[in-house]
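The values are calculated or read from the model by the stated rules, or taken from the named source; none is laboratory data. Quick caveat, the model's predicted, so the values are computed rather than measured. Positions of Cβ are backbone-derived with ideal geometry, glycine not excepted, and every protein chain shown enters the neighbour counts. Surface areas here come from the heavy atoms of the whole protein model, side chains and all, with no ligands, DNA or RNA. Shrake-Rupley method; radii C 1.70, N 1.55, O 1.52, S 1.80 Å.
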Amino acid sequence: MLKRFPPKYRTDREMRDLQLEGVRWTVGHAWNNSPFYRKRLDESGVSPGSIRSLEDLGRIPFTTADDLLDGYPLPLLAVPTRDILRIHSSSGTTGKRKILCYTRKDIDDWQDMFGRCYEMAGLSREDRVQICVGYGLWTAGAGFQLGAERFGAMAIPSGPGNLELQCNFLIDLQTTVLCCTASMGLLVAEEVHARGLRGRLKLTKVILGAERTSEAMLQTIRDLLGVEEVYDIPGLTELYGPGTGLSCRRNVGIHYWSDYYILEILDPESLVPVAPGEIGEMVYTTLRKEAAPLLRYRSRDLTRLIEGPCPCGCILPRHDRILGRSDDMVVFRGVNIYPGQVDEVLSRIGRIGSEYQVLLDRKADGKDYMTVKVELAADAAGADTGSVARVVASEIKRNLMVSCAVELIPYGTLPRSERKTKRLFDNRPV
């Protein structure tokens, strides 16, 4: 495993030494070349020489999405503009975009990380990789394609949407690997099922990224496409893009590339580390990124660390799938609720599908009410809907400590999306 793109360490001691060297380099590079970071580090009393151990990471000030927006158009820049080879962007919340720039080395490192993902998923140079994600400013299309080319597999850049084209390519080009968002994967799977194409497919693997997934959605995609291997690939434009880790075949977490960045899991309120197994915010420090290095970047994404050796044999550390965002949290009758918690609860219940919506409303009596709309499973015709609804309401009450009304609706009723599907709607007045 990982013969062409192996991690740059073999033991925990080697990993910590490599990370300390990377943090020292990054702090020095940022301090010397980025006016933003120089000011921020000086204000915190941190200099390159003050980083003597990994424990000193906690002295470094945080970087946030607001810093990227305030620094528009080229935030965090730590190289001369003549060294910028490319930019990518993710949307901002104030009308400005978060633009990140890349040097040649940054692009090469990103391609190597992505090559590691394809290698971990067991691809070969005989594979044909159909890439159904967006191109242009978004990192996804370029990442999946350049990674496939670095790895040596055939790239089929079909882009998002256009289910007619996707199905034609799946059959005509004998695609073996499908790369897309989870929502797009569900759309393709249902279209393949509707057209009766499953028996004609050569698909063996699906790689999903860009949004939170539930086990119920993954199982639906497996069943409708007839594939056993479905992988979850994390990605963050600010970090590099997709390809910074991958779930393994044993489906027990996502291995992340700790030789390229340090991942801290912190309590979103106190900003102190949480214990392994507890949910916290993902905070990133890059170890070798040149153009726009990250020092303790608060991603707002939530997950938990997974301790111990992985049964797949990979030595790289693991985190759980993305469980939501700290800024997606809603307060309902005094209880903090994350959409990912609803995913986890519903995934454990039989006779329902993967698609749902949570609606929060405030009625004339001044009280807040929650309605959960859930699709029945495709094969749940004739199910006792009253019994299923009671189970859903009971499990949400038991796990989230809130009461809700449950509305079961036929399979395929809720809207599908080729990008990210919105599932929580807070209709209460601000």
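The table below lists the values:
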{"quantity": "Where Val406 falls short, out of the listed (1) assigned to a helix (DSSP H, G or I); (2) surrounded by 15 or more Cβ atoms within 10 Å (Cβ to Cβ)", "calculated": "(1)"}
{"quantity": "Scan of segment 225-234 for residues that are outside any loop (DSSP other than H, G, I, E, B) and open to solvent by 20 Å² or more (accessible area, probe 1.4 Å), ordered by number", "calculated": "Glu229, Asp232"}
{"quantity": "Residues (crowded, with 17+ Cβ neighbours inside 10 Å and not in a helix (DSSP H, G or I)) located in segment 33-84", "calculated": "Ser34, Val46, Ile51, Ile60, Thr63, Gly71, Pro75, Leu76, Leu77, Ala78, Val79, Ile84"}
{"quantity": "Residue, most open to solvent (accessible area, probe 1.4 Å), within segment 192-224, restricted to residues that are touching a residue at least 40 places away in the same chain (Cβ under 8 Å), more than 29 Å from Asp112 (Cβ to Cβ) and hydrophobic (A, V, I, L, M, F, W, C)", "calculated": "Ala216"}
{"quantity": "Extreme residue, least open to solvent (accessible area, probe 1.4 Å), among residues of segment 157-173 that are more than 17 Å from Gly209 (Cα to Cα) and not in a helix (DSSP H, G or I)", "calculated": "Leu173"}
{"quantity": "One residue from Ala210, Ala194 being modelled with pLDDT under 95 and within 13 Å of Cys167 (Cα to Cα)", "calculated": "Ala194"}
{"quantity": "Members of segment 325-339 found to be aliphatic (A, V, I, L, M) and either in a strand (DSSP E or B) or in contact with an Asp or Glu (Cβ under 7 Å, 6 or more places away or on another chain) (or both), listed by number", "calculated": "Val330, Val331, Val335, Ile337"}
{"quantity": "Flag for Ala380 being hydrophobic (A, V, I, L, M, F, W, C), in contact with a helix residue (DSSP H, G or I) (Cβ under 8 Å, 6 or more places away or on another chain) and open to solvent by 20 Å² or more (accessible area, probe 1.4 Å)", "calculated": "no"}
{"quantity": "Flag for Ala393 being more than 25 Å from Gly185 (Cα to Cα), over 26 Å from the mean Cα position of the chain (by Cα) and not polar (S, T, N, Q)", "calculated": "yes"}
{"quantity": "Condition check for Tyr338: of a type outside the set (S, T, N, Q), in contact with a strand residue (DSSP E or B) (Cβ under 9 Å, 6 or more places away or on another chain), farther than 25 Å from Tyr260 by Cβ and open to solvent by less than 50 Å² (accessible area, probe 1.4 Å)", "calculated": "yes"}
{"quantity": "Subset of segment 174-191 [in a strand (DSSP E or B) and either among the aliphatic types (A, V, I, L, M) or surrounded by fewer than 24 Cβ atoms within 10 Å (Cβ to Cβ) (or both)]", "calculated": "Val177, Leu178, Thr181"}
{"quantity": "Condition broken by Ile322, with the remaining ones in (1) assigned to a strand (DSSP E or B); (2) modelled with pLDDT under 90; (3) among the hydrophobic types (A, V, I, L, M, F, W, C) satisfied", "calculated": "(1)"}
{"quantity": "Unmet criterion (only one of (1) touching a residue at least 40 places away in the same chain (Cβ under 8 Å); (2) open to solvent by 20 Å² or more (accessible area, probe 1.4 Å); (3) not polar (S, T, N, Q)) for Ile265", "calculated": "(2)"}
{"quantity": "Answer residue from segment 105-149, given it is open to solvent by less than 10 Å² (accessible area, probe 1.4 Å), among the small types (Gly, Ala, Ser) and touching a residue at least 24 places away in the same chain (Cβ under 8 Å) and is farthest from Cys248 (Cα to Cα) among those", "calculated": "Gly134"}
